1. Considering each residue of region 35-74, count those that are more than 24 Å from D133 (Cα to Cα) and either open to solvent by 70 Å² or more (accessible area, probe 1.4 Å) or under 17 Å from the mean Cα position of the chain (by Cα) (or both), and give that number.
2. Report every pair of residues separated by at least 6 positions or lying on different chains whose Cβ atoms are under 7 Å apart, first residue within region 89-111 and modelled with pLDDT of 90 or more, second among the aromatic types (F, W, Y).
3. Test S92 against the stated conditions and say whether it is assigned to a helix (DSSP H, G or I), among the small types (G, A, S), surrounded by fewer than 19 Cβ atoms within 10 Å (Cβ to Cβ) and over 13 Å from the mean Cα position of the chain (by Cα).
4. Considering only residues of region 159-196 that are among the small types (G, A, S) and modelled with pLDDT under 95, which is most open to solvent (accessible area, probe 1.4 Å)?
5. State all residues of region 80-89 that are in a helix (DSSP H, G or I) and either under 16 Å from D26 (Cα atoms) or open to solvent by less than 100 Å² (accessible area, probe 1.4 Å) (or both); if no residue qualifies, say none.
6. How do the pairs read when you match residues in region 158-171 that are under 11 Å from V98 (Cα atoms) with residues anywhere that are part of a loop (DSSP other than H, G, I, E, B) and at pLDDT below 95, using Cβ under 6 Å and keeping only pairs 6 or more apart or on different chains?
7. Consider D133 carefully, then state whether it is at pLDDT 95 or above, among the acidic types (D, E) and in a helix (DSSP H, G or I).
8. Would you call D26 modelled with pLDDT under 95 and of a type in the set (D, E)?
Amino acid sequence: GGGDRRMEVRLYSNHKEREQFDNMADLYSIIKTTLHLEKALMRDAISAEEYKSAFIKLALQYKTARQLTEKTVPDVRKFLVDYKLDALSVLSKLEAGVTDVVVPDDSPKTVAEAVQFFITAMDSLKLNMAAVDQLHPILTDLHERLCNITSLGVDFEGKHKIKTWLQRMNTMKASDELDEEQKRQLLFDLESAYTAFYNRLGKRDQPSTSSGGPTAMRM
(Lines give C-alpha, C1' and ligand atoms only; values in the text may rest on other atoms or scores of the structure.)
Protein backbone atom coordinates (compact mmCIF):
# COMPACT_ATOMS: atom_id res chain seq x y z
CA GLY A 1 0.00 0.00 0.00
CA GLY A 2 0.88 3.66 0.33
CA GLY A 3 2.97 2.97 3.44
CA ASP A 4 5.54 0.97 1.43
CA ARG A 5 6.58 3.98 -0.63
CA ARG A 6 7.65 5.83 2.49
CA MET A 7 10.05 3.00 3.33
CA GLU A 8 12.47 3.85 0.47
CA VAL A 9 16.04 4.68 1.47
CA ARG A 10 16.55 8.42 1.82
CA LEU A 11 19.78 9.40 0.07
CA TYR A 12 19.06 13.08 0.54
CA SER A 13 17.21 15.22 3.08
CA ASN A 14 15.91 18.04 0.91
CA HIS A 15 15.27 19.09 -2.69
CA LYS A 16 18.70 20.71 -3.11
CA GLU A 17 20.50 17.58 -1.92
CA ARG A 18 18.38 15.44 -4.23
CA GLU A 19 19.29 17.67 -7.17
CA GLN A 20 23.00 17.41 -6.33
CA PHE A 21 22.72 13.63 -6.07
CA ASP A 22 20.93 13.46 -9.46
CA ASN A 23 23.62 15.62 -11.08
CA MET A 24 26.39 13.38 -9.70
CA ALA A 25 24.51 10.32 -10.97
CA ASP A 26 24.30 11.95 -14.41
CA LEU A 27 28.05 12.66 -14.38
CA TYR A 28 28.77 9.03 -13.47
CA SER A 29 26.41 7.77 -16.18
CA ILE A 30 27.96 9.96 -18.93
CA ILE A 31 31.50 8.76 -18.10
CA LYS A 32 30.35 5.13 -17.90
CA THR A 33 28.50 5.41 -21.25
CA THR A 34 31.61 6.89 -22.89
CA LEU A 35 33.61 3.91 -21.59
CA HIS A 36 31.11 1.51 -23.19
CA LEU A 37 31.30 3.50 -26.41
CA GLU A 38 35.12 3.18 -26.49
CA LYS A 39 34.84 -0.60 -25.94
CA ALA A 40 32.26 -0.92 -28.72
CA LEU A 41 34.64 0.87 -31.08
CA MET A 42 37.56 -1.37 -30.09
CA ARG A 43 35.43 -4.46 -30.75
CA ASP A 44 34.37 -3.08 -34.15
CA ALA A 45 30.77 -3.14 -32.97
CA ILE A 46 30.35 0.44 -34.26
CA SER A 47 32.04 2.46 -37.00
CA ALA A 48 34.33 5.44 -36.40
CA GLU A 49 31.59 7.74 -37.76
CA GLU A 50 28.97 6.31 -35.36
CA TYR A 51 31.44 6.62 -32.49
CA LYS A 52 32.19 10.26 -33.30
CA SER A 53 28.55 11.25 -33.57
CA ALA A 54 27.70 9.60 -30.20
CA PHE A 55 30.85 11.00 -28.56
CA ILE A 56 30.02 14.62 -29.56
CA LYS A 57 26.65 14.34 -27.75
CA LEU A 58 28.28 12.81 -24.66
CA ALA A 59 30.98 15.51 -24.56
CA LEU A 60 28.30 18.22 -24.58
CA GLN A 61 26.39 16.42 -21.81
CA TYR A 62 29.63 16.08 -19.84
CA LYS A 63 30.31 19.81 -20.06
CA THR A 64 26.83 20.58 -18.68
CA ALA A 65 27.16 17.92 -15.96
CA ARG A 66 30.51 19.39 -14.87
CA GLN A 67 29.01 22.87 -14.58
CA LEU A 68 26.25 21.44 -12.36
CA THR A 69 28.65 19.42 -10.17
CA GLU A 70 31.41 22.02 -9.81
CA LYS A 71 30.92 22.33 -6.04
CA THR A 72 29.91 18.75 -5.20
CA VAL A 73 32.67 17.19 -7.36
CA PRO A 74 35.64 19.60 -7.29
CA ASP A 75 38.01 16.85 -8.50
CA VAL A 76 36.68 14.43 -11.15
CA ARG A 77 39.74 12.18 -10.86
CA LYS A 78 39.00 11.61 -7.16
CA PHE A 79 35.34 11.04 -8.10
CA LEU A 80 36.47 8.24 -10.47
CA VAL A 81 38.54 6.61 -7.71
CA ASP A 82 35.71 6.94 -5.13
CA TYR A 83 33.21 5.29 -7.48
CA LYS A 84 35.71 2.72 -8.82
CA LEU A 85 35.50 3.94 -12.42
CA ASP A 86 38.62 3.12 -14.43
CA ALA A 87 38.06 5.89 -16.94
CA LEU A 88 41.04 8.25 -16.98
CA SER A 89 41.57 7.61 -20.69
CA VAL A 90 38.08 8.79 -21.66
CA LEU A 91 38.11 11.62 -19.13
CA SER A 92 40.79 13.60 -20.98
CA LYS A 93 38.75 13.28 -24.21
CA LEU A 94 35.54 14.38 -22.50
CA GLU A 95 37.36 17.34 -20.93
CA ALA A 96 38.64 18.47 -24.31
CA GLY A 97 35.29 17.76 -25.97
CA VAL A 98 37.11 16.08 -28.87
CA THR A 99 38.28 12.58 -29.66
CA ASP A 100 41.40 11.36 -31.46
CA VAL A 101 39.47 8.72 -33.38
CA VAL A 102 40.24 9.13 -37.05
CA VAL A 103 37.85 9.04 -39.97
CA PRO A 104 40.62 9.05 -42.63
CA ASP A 105 40.13 11.84 -45.15
CA ASP A 106 43.12 13.29 -46.98
CA SER A 107 41.00 14.88 -49.69
CA PRO A 108 41.91 18.38 -50.95
CA LYS A 109 38.54 19.53 -49.56
CA THR A 110 39.47 18.51 -45.98
CA VAL A 111 42.94 20.08 -46.31
CA ALA A 112 41.34 23.30 -47.61
CA GLU A 113 38.86 23.29 -44.69
CA ALA A 114 41.73 22.88 -42.20
CA VAL A 115 43.51 25.85 -43.83
CA GLN A 116 40.28 27.88 -43.56
CA PHE A 117 39.83 27.04 -39.86
CA PHE A 118 43.47 27.92 -39.13
CA ILE A 119 43.01 31.32 -40.83
CA THR A 120 39.62 31.99 -39.17
CA ALA A 121 41.04 31.19 -35.71
CA MET A 122 44.11 33.40 -36.20
CA ASP A 123 42.06 36.26 -37.67
CA SER A 124 39.54 36.05 -34.79
CA LEU A 125 42.35 36.51 -32.26
CA LYS A 126 43.81 39.43 -34.22
CA LEU A 127 40.35 41.05 -34.22
CA ASN A 128 40.22 40.59 -30.42
CA MET A 129 37.45 37.98 -30.58
CA ALA A 130 38.62 36.13 -27.51
CA ALA A 131 35.46 34.71 -25.89
CA VAL A 132 35.35 30.95 -25.36
CA ASP A 133 32.10 30.60 -27.35
CA GLN A 134 33.74 32.40 -30.30
CA LEU A 135 36.95 30.35 -30.38
CA HIS A 136 35.93 26.90 -29.14
CA PRO A 137 33.77 25.89 -32.19
CA ILE A 138 36.51 26.92 -34.66
CA LEU A 139 39.23 25.04 -32.75
CA THR A 140 36.96 21.97 -32.47
CA ASP A 141 36.42 21.92 -36.24
CA LEU A 142 40.13 22.48 -36.85
CA HIS A 143 41.12 19.66 -34.48
CA GLU A 144 38.72 17.26 -36.20
CA ARG A 145 40.14 18.04 -39.66
CA LEU A 146 43.72 17.65 -38.41
CA CYS A 147 42.87 14.24 -36.88
CA ASN A 148 41.32 13.04 -40.14
CA ILE A 149 44.25 14.09 -42.39
CA THR A 150 46.28 10.91 -41.91
CA SER A 151 49.27 12.15 -43.94
CA LEU A 152 50.03 14.58 -41.08
CA GLY A 153 50.93 11.55 -38.94
CA VAL A 154 49.81 10.74 -35.40
CA ASP A 155 52.69 12.71 -33.89
CA PHE A 156 51.67 16.05 -35.44
CA GLU A 157 52.17 18.42 -32.49
CA GLY A 158 49.65 21.00 -33.69
CA LYS A 159 46.82 18.53 -32.93
CA HIS A 160 47.97 18.05 -29.34
CA LYS A 161 48.40 21.78 -28.72
CA ILE A 162 44.90 22.55 -29.99
CA LYS A 163 43.46 19.72 -27.87
CA THR A 164 45.16 21.22 -24.78
CA TRP A 165 43.54 24.60 -25.54
CA LEU A 166 40.14 22.93 -25.93
CA GLN A 167 40.59 21.20 -22.55
CA ARG A 168 41.42 24.55 -20.98
CA MET A 169 38.42 26.29 -22.58
CA ASN A 170 36.07 23.55 -21.43
CA THR A 171 36.78 24.52 -17.82
CA MET A 172 35.73 28.12 -18.57
CA LYS A 173 32.30 29.66 -19.09
CA ALA A 174 31.11 30.37 -22.65
CA SER A 175 31.27 34.14 -22.03
CA ASP A 176 34.76 34.03 -20.47
CA GLU A 177 37.48 35.71 -22.51
CA LEU A 178 41.12 34.76 -22.88
CA ASP A 179 43.41 37.34 -21.31
CA GLU A 180 46.16 39.11 -23.30
CA GLU A 181 48.82 36.54 -22.42
CA GLN A 182 46.56 33.61 -23.37
CA LYS A 183 45.58 35.27 -26.67
CA ARG A 184 49.21 35.82 -27.52
CA GLN A 185 50.14 32.23 -26.65
CA LEU A 186 47.22 30.74 -28.60
CA LEU A 187 48.06 32.85 -31.66
CA PHE A 188 51.70 31.74 -31.42
CA ASP A 189 50.62 28.06 -31.09
CA LEU A 190 48.29 28.38 -34.10
CA GLU A 191 50.90 30.10 -36.28
CA SER A 192 53.53 27.46 -35.37
CA ALA A 193 51.03 24.64 -36.04
CA TYR A 194 50.02 26.20 -39.36
CA THR A 195 53.63 26.48 -40.55
CA ALA A 196 54.28 22.86 -39.49
CA PHE A 197 51.03 21.80 -41.23
CA TYR A 198 52.12 23.47 -44.45
CA ASN A 199 55.63 21.97 -44.28
CA ARG A 200 54.36 18.49 -43.38
CA LEU A 201 51.86 18.27 -46.22
CA GLY A 202 54.08 19.95 -48.78
CA LYS A 203 52.80 22.07 -51.61
CA ARG A 204 51.20 19.09 -53.33
CA ASP A 205 48.05 19.32 -51.19
CA GLN A 206 47.78 23.08 -50.93
CA PRO A 207 44.74 24.78 -52.44
CA SER A 208 45.68 26.56 -55.67
CA THR A 209 44.44 29.94 -54.43
CA SER A 210 47.97 30.87 -53.42
CA SER A 211 51.41 30.50 -54.88
CA GLY A 212 53.29 31.39 -51.71
CA GLY A 213 53.83 29.76 -48.34
CA PRO A 214 51.67 30.01 -45.20
CA THR A 215 52.09 33.79 -44.93
CA ALA A 216 50.88 34.36 -48.47
CA MET A 217 47.95 32.02 -47.90
CA ARG A 218 46.91 33.98 -44.82
CA MET A 219 47.05 37.25 -46.75
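1. 13
2. From residues that are modelled with pLDDT of 90 or more, the pairs are L94/Y62.
3. When the stated conditions are applied, S92 does not pass them.
4. First, pick out the residues of region 159-196 that are among the small types (G, A, S): 174-175, 192-193, 196.
After this cut, where a residue has to be modelled with pLDDT under 95 as well, the list is 174-175.
Working: A174: 51, S175: 88 Å².
Within region 159-196, the match that is most open to solvent (accessible area, probe 1.4 Å) is S175.
5. Taking region 80-89 as the starting set, the residues that turn out to be in a helix (DSSP H, G or I) are 80-82, 88-89.
Listed by number, the residues that qualify are L80, D82, S89.
6. Cβ pairs passing all conditions: L166/G97; L166/V98; N170/G97.
7. Values: at pLDDT 95 or above: no; among the acidic types (D, E): yes; in a helix (DSSP H, G or I): yes.
Here the answer is no, as D133 does not meet what is asked.
8. Values: modelled with pLDDT under 95: no; of a type in the set (D, E): yes.
No: the conditions fail for D26.
The values are calculated or read from the model by the stated rules, or taken from the named source; none is laboratory data. Because the structure is a prediction, the values reported are computed rather than measured. Methodologically, a virtual Cβ is constructed for each residue, glycine included, from the backbone with ideal geometry; neighbour enumeration extends over all protein chains shown. Ligands, DNA and RNA are excluded from the accessible area calculation, which covers all protein heavy atoms including side chains. Shrake-Rupley method; radii C 1.70, N 1.55, O 1.52, S 1.80 Å.
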